[in-house]
Amino acid sequence: MDRRSYLKATGAAVTTVSLAGCIDSLTGGGGGGENTIIPGTASGFPPFEMKEGDEVVGFDIDLLEAVVDETDYELAAWEDLNSFDSLIPSLRNGNIDVIAAAMTITEDRDENIDFSDPYYSANQSILVREGGDFQPSELSDLQGRQVGSQAGTTGESVIQGMIEDGDFQESNYNAYDTYVLAVTDLENGNIDAVVLDEPVAASFASERSVSVAFVYETGEQYGFGIRTGESELQSALNDGLATVREDGTYQDLTAEWFGE
């Protein structure tokens with residue numbers, strides 16, 4: 001049994017988390033100890049991060065845990081933030097130490113934080129109601145329709161780009177804290193389409209009354225977010241990523257969560 005499995009089986013992880021929390025309370029800091037890092041995510045983005053009861057599970061959760069197991073660091077309890085938009089501010093102010101939330105590496109984000117090496121590639125999908133009358137085949141078909149996305153995501157960036165180009169009306173855009181809320185509104189007929197990451201769209205389509213109308217290629221790459229200048233942690237995460245790719249762990253996790 002490896003260390004991660006042992007901690008889960010024995011409940012020892014709770015002790016580690018409690019100690020980290022006590023240290024934070026005494027010092028007033030949000031970060032972990034010298035070798036303890038606090039991971040942050042925003043659930044509601046299946047299969048990367050989602051809630052099962054009170055537990056956060058998903059590909060990102062398992063992958064970061066496997067990566068950190070290959071380093072000299074250890075993880076404290078997961079911080080599940082209410083909105084994707086709050087992840088970078090929470091990282092920069094020290095409440096969390098690493099972001100694992102299917103976060104696309106972009107120039108704008110890279111100006112505020114650093115990233116690990118990429119660990120996943122994706123495009124954007126356009127979701128519509130299953131069996132509905134609206135079946136777009138390209139972005140221009142969204143003109144005049146009510147379209148939703150999760151605030152702060154690259155799906156929102158696609159829509160904002162259309163607004164800036166004059167190809168879409170800002171009044172027709174609906175921003176949500178989570179994609180779960182957006183997809184629910186789509187199912188209920190309150191909006192006509194949702195723009196979101198391809199693997200997440202596929203997950204919703206397999207479980208809800210929605211379908212993928214088309215895929216808009218963006219060539220995005222996800223990375224773990226860390227504070228700027230933390231080169232030791234960045235190197236450790238990159239080394240850990242390389243190890244889990246080489247030993248087959250990454251392939252096992254993609255097969256488990258994506259069936260790939």
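The values are calculated or read from the model by the stated rules, or taken from the named source; none is laboratory data. This structure is a prediction, so every number in the text was calculated from the model and none was measured. Reconstructed Cβ throughout: ideal geometry from the backbone, glycine too, with neighbour counts over all protein chains shown. Just the protein is used for accessible areas: all its heavy atoms, side chains included, with ligands, DNA and RNA removed. Shrake-Rupley method; radii C 1.70, N 1.55, O 1.52, S 1.80 Å.
Worth a mention:
- Flag for LEU253 being on the phi < 0 side of the Ramachandran plot, assigned to a helix (DSSP H, G or I) and aliphatic (A, V, I, L, M): yes
- Where ALA102 falls short, out of the listed (1) more than 21 Å from SER209 (Cα to Cα); (2) crowded, with 23+ Cβ neighbours inside 10 Å; (3) touching a Leu at 6+ places or on another chain (Cβ under 9 Å): (3)
- Some residue of the range 123-139 being surrounded by 15 or more Cβ atoms within 10 Å (Cβ to Cβ), among the hydrophobic types (A, V, I, L, M, F, W, C) and part of a loop (DSSP other than H, G, I, E, B): no
- Cβ-Cβ under 7 Å pairs, at least 6 apart or on other chains, the range 196-220 side among the charged types (D, E, K, R), far side open to solvent by less than 50 Å² (accessible area, probe 1.4 Å) and part of a loop (DSSP other than H, G, I, E, B): ASP197/ALA102
- Within the range 44-75, the set of residues being open to solvent by 10 Å² or more (accessible area, probe 1.4 Å), hydrophobic (A, V, I, L, M, F, W, C) and over 15 Å from ALA102 (Cα atoms) comprises just one member, LEU75.
- Each residue in the range 163-196 was checked for being assigned to a loop (DSSP other than H, G, I, E, B) and not charged (D, E, K, R), and 8 pass.
- Yes/no for ALA193 being closer than 10 Å to LEU127 by Cβ, over 17 Å from the mean Cα position of the chain (by Cα), among the aliphatic types (A, V, I, L, M) and open to solvent by 10 Å² or more (accessible area, probe 1.4 Å): no
- Residues (under 18 Å from ASP85 (Cβ atoms), open to solvent by 10 Å² or more (accessible area, probe 1.4 Å) and not β-branched (Val, Ile, Thr)) located in the range 171-184: TYR173, ASN174, ALA175, TYR176, ASP177, LEU181
- In the range 169-193, the residues that are within 15 Å of SER203 (Cβ to Cβ) reach residues that are in a helix (DSSP H, G or I) with C-beta atoms within less than 7 angstrom, at least six apart or across chains, in these pairs: TYR179/VAL200; VAL183/PHE204.
- Of all residue pairs spaced 6 or more apart or on separate chains, those with beta-carbon atoms under 6 Å, a first member in the range 48-69 that is without any contact (Cβ under 8 Å) to a residue 24 or more places away in the chain and closer than 15 Å to ASP80 by Cα and a second member that is open to solvent by 20 Å² or more (accessible area, probe 1.4 Å) and of a type outside the set (A, V, I, L, M) are MET50/SER43.
- Identity of the residue in the range 105-122, outside any helix (DSSP H, G or I) and closer than 14 Å to THR153 by Cα, that ends up most open to solvent (accessible area, probe 1.4 Å): ILE105
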